[in-house]
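What follows is a short report on a single structure.
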Protein chains: 2
Amino acid sequence: MNCLLLFPSDFIPGQNNTARISGRRKEHLQSVFNAQTGREIKVGIVNGKMGTGIVVGQSENEILLDITVFTNPPAPAPLTLILALPRPKSLKKSIEVATSLGIKKIYIIESWRVEKSYWTSPVLSSEKLIEHILLGLEQARDTVIPQIEIRKRFKPFVEDEIPEIIQGTEAIVAHPYAKQPCPYRINTSCTLAIGPEGGFIPYEIEMFEKCGFKSYTFGDRILRVEYAIPALAGRIL
Amino acid sequence: MNCLLLFPSDFIPGQNNTARISGRRKEHLQSVFNAQTGREIKVGIVNGKMGTGIVVGQSENEILLDITVFTNPPAPAPLTLILALPRPKSLKKSIEVATSLGIKKIYIIESWRVEKSYWTSPVLSSEKLIEHILLGLEQARDTVIPQIEIRKRFKPFVEDEIPEIIQGTEAIVAHPYAKQPCPYRINTSCTLAIGPEGGFIPYEIEMFEKCGFKSYTFGDRILRVEYAIPALAGRIL
């Protein structure tokens, strides 16, 4: 946690500047930041500005912080991510790292090689997704919650939604068997599609290409999706 | 596991082509690859060639594979990684992802902001390091074990060893407070130094720069080290 995220409900009613922190965030403030009275901590208001919080009091159950916010969060990454649903453990990490990278729109989609059982994972629930989003924001010092959309059918998503999503962006599908290597520093907004373990099937790649995607390879090595996301973002952004 | 790694000791003496697999690798072959007789699996000989293994028999405790190897592993990444010792959980993941990326030389070093307790972590033992190396190789379909060097003193490492390590390479230190953004696609061998949580201290950055390192930023966002490695490698390689 490099920044403490605050929700409107953390503020004591009638005292706009004082926030009351308990639970996981309190534990973390105490164990990692040694949050003694007077200690200054980087904070951000969810979907709002960033600044500092000064510890002004603490009890067994909570820490009181005096909050001042004054700067905007870092600019969002100009990248929309389309991710074939990975296994639950990878999904958690993928959401965290995509959020840390500043990606603000993520589509989690069906694809032929997605294990059907993954769709029943509790990680896909809003409560779990927001947990991993918050971890990613706290890590990167950002406040803006990305929007995550879940699409359980491949064909209608690609046919009905993709054309609008990729409008005005460079659309890339990461495909291990593509011939062209992935380009560097694309100086425009991007849409990046990453397949499941084993990759998208040829029919899916064809559908992406028909919509205007270009397929690129990142080399012979197969990376876990949670590492492919930063590797590709690091290259194209 | 995208490739089964084989050791000389896996082969049945006198039968050069038949390997006997038990333990974690056997479980994985059965649960993920559904390794019935006749099934073909991608294999690699540790530090050697790659090819296929055909399941020719199985019992409760082992699987027998008929092995043929015929291709070289992918080319190594032209990158030496210098990593300030991260927390044990991140160290495991960092070793795995660096290995998956094809990095063949990794220095794990001391730095002012490294928590002293991390040096007592069992993850630093050879047995544990090799576990995570093997996971990284199996993931990326590679066979060549990277060399990991551990240096518990910063100053002698930088003064005595760095000049030789960086010879003929572009030497980069990732520094959140640097002014220049990290360049793309460096068409030569690189040495990349990544600091601990909170970054290298100014004195350390100065020492790196004195040796010929350039310090670059990857933007305002702070990534976990296991994600900073692929993000930076994806950009500079």
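The values are calculated or read from the model by the stated rules, or taken from the named source; none is laboratory data. Nothing here was measured: the structure is a model prediction, and the numbers come from that model. Don't worry about glycine lacking a Cβ; one is built from the backbone with ideal geometry, like all the others, and counts go over all protein chains shown. Ligands, DNA and RNA are excluded from the accessible area calculation, which covers all protein heavy atoms including side chains. Shrake-Rupley method; radii C 1.70, N 1.55, O 1.52, S 1.80 Å.
Taking each residue of the stretch A:100-121 that is more than 14 Å from every other protein chain (Cβ to nearest Cβ) and open to solvent by 40 Å² or more (accessible area, probe 1.4 Å) and looking for partners that are part of a helix (DSSP H, G or I) and among the hydroxyl-bearing types (Ser, Thr, Tyr) with beta-carbon atoms closer than 8 Å, six or more apart or interchain, yields A:TRP112/A:TYR203.
Here's the yes/no breakdown for (1) within 13 Å of chain A (Cβ to nearest Cβ); (2) polar (S, T, N, Q); (3) open to solvent by less than 60 Å² (accessible area, probe 1.4 Å):
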residue	(1), (2), (3)
B:GLY136	yes, no, yes
B:GLN139	yes, yes, yes
B:ILE148	no, no, yes
B:PHE157	no, no, yes
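So, in the stretch B:69-88, how many residues would count as being under 21 Å from B:GLY198 (Cβ atoms) and either within 12 Å of chain A (Cβ to nearest Cβ) or small (Gly, Ala, Ser) (or both)? Quick ask: steps written out before the conclusion?
The initial filter retains those residues of the stretch B:69-88 that are under 21 Å from B:GLY198 (Cβ atoms), namely B:81-88.
Cutting the leftovers down to either within 12 Å of chain A (Cβ to nearest Cβ) or small (Gly, Ala, Ser) (or both) gives us B:84, B:87.
So the answer is 2.
From the list A:GLY168, A:GLY199, pick out the single residue that is among the small types (Gly, Ala, Ser) and more than 22 Å from B:LEU237 (Cβ to Cβ).
A:GLY168
Any idea which residue in the stretch A:25-44 is most open to solvent (accessible area, probe 1.4 Å), counting only those that are free of Cβ contacts under 8 Å to residues at least 24 places away in the same chain and small (Gly, Ala, Ser)? This residue is A:SER31.
Could you list all residues from the stretch A:122-134 that are open to solvent by 40 Å² or more (accessible area, probe 1.4 Å) and either of a type in the set (Val, Ile, Thr) or within 13 Å of chain B (Cβ to nearest Cβ) (or both)? Scanning the stretch A:122-134 gives a single hit, A:ILE130.
The set of residues in the stretch A:199-221 that are open to solvent by 50 Å² or more (accessible area, probe 1.4 Å) and facing chain B (nearest Cβ under 9 Å) comprises A:PHE218, A:ASP220. Checked against the criterion of being without any contact (Cβ under 8 Å) to a residue 12 or more places away in the chain and not aliphatic (A, V, I, L, M), the stretch A:78-98 has at least one qualifying residue.
Given the criteria basic (Lys, Arg), in a helix (DSSP H, G or I) and crowded, with 18+ Cβ neighbours inside 10 Å, does B:ARG235 qualify? So B:ARG235 fits the description; yes. Would you mind stating whether B:ASN47 is surrounded by fewer than 16 Cβ atoms within 10 Å (Cβ to Cβ), within 19 Å of the chain's Cα centre (by Cα) and in contact (Cβ under 8 Å) with a residue 12 or more places away in the chain? When the stated conditions are applied, B:ASN47 passes them. When only residues in the stretch A:63-97 that are among the charged types (D, E, K, R) and crowded, with 17+ Cβ neighbours inside 10 Å count, which is nearest to the chain's Cα centre (by Cα)? The qualifying residue nearest to the chain's Cα centre (by Cα) is A:GLU96.
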